[in-house]
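Trainee: Take this structure first; my questions come after.
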Amino acid sequence: MSTPQHDPTTAELAAEYLLGDRPAPKGVPARVARATRKAKALQMRRAGISVEAIAAHLKVHPRTVYTWLRDALAAIPREEANELRLLELDRLDAIFRGLFPDAVAGDVRAAEGCLKVMERRARLLNLDAAHTAGLEQVGSLLDRLVNGEG
């Protein structure tokens, strides 16, 4: 009695290759290495490492890291992405709380740090885009009023 032929998936072949059970089929080592580097980039970013530092460590262009992170985040379910966003906001809050008293007391470096945290928070929450859209609407309204179209 013969058993049905099982056509192994790329993941199964890659696992066997990594375990040393069989030679790698064409293209598998490159795909495994790329997937490993992408996962490492995401892990490093979650740990708070800058994109530039990740790119230098993985010996790729920062734009490549941004693309990997964008693709990885797009693949994350919305709930998990929201959890990551909340985690990042908590980290920013902790940094801000540590810097704020010194900033208010006149420490210029602490004030600069506070501003950087605030800028990052605004980017994360997309506050700048909302502000820009509001300004464009006001500008459009002013144009209509000046031109007598309103």
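The values are calculated or read from the model by the stated rules, or taken from the named source; none is laboratory data. Just so we're clear, the structure is a prediction, and the values are computed from it rather than from any experiment. Note: ideal-geometry Cβ built from the backbone for every residue, glycine included; neighbour counts use all protein chains shown.
Trainee: Report yes if some residue within segment 115-126 is at pLDDT 90 or above, within 30 Å of ALA35 (Cα to Cα) and surrounded by 12 or more Cβ atoms within 10 Å (Cβ to Cβ); otherwise report no.
Mentor: yes
Trainee: Restrict the check to segment 48-60 and report whether at least one residue is assigned to a helix (DSSP H, G or I), out of contact with any helix residue (DSSP H, G or I) (no Cβ under 6 Å at 6 or more places or on another chain) and either closer than 19 Å to ASN126 by Cβ or of a type in the set (Val, Ile, Thr) (or both).
Mentor: no
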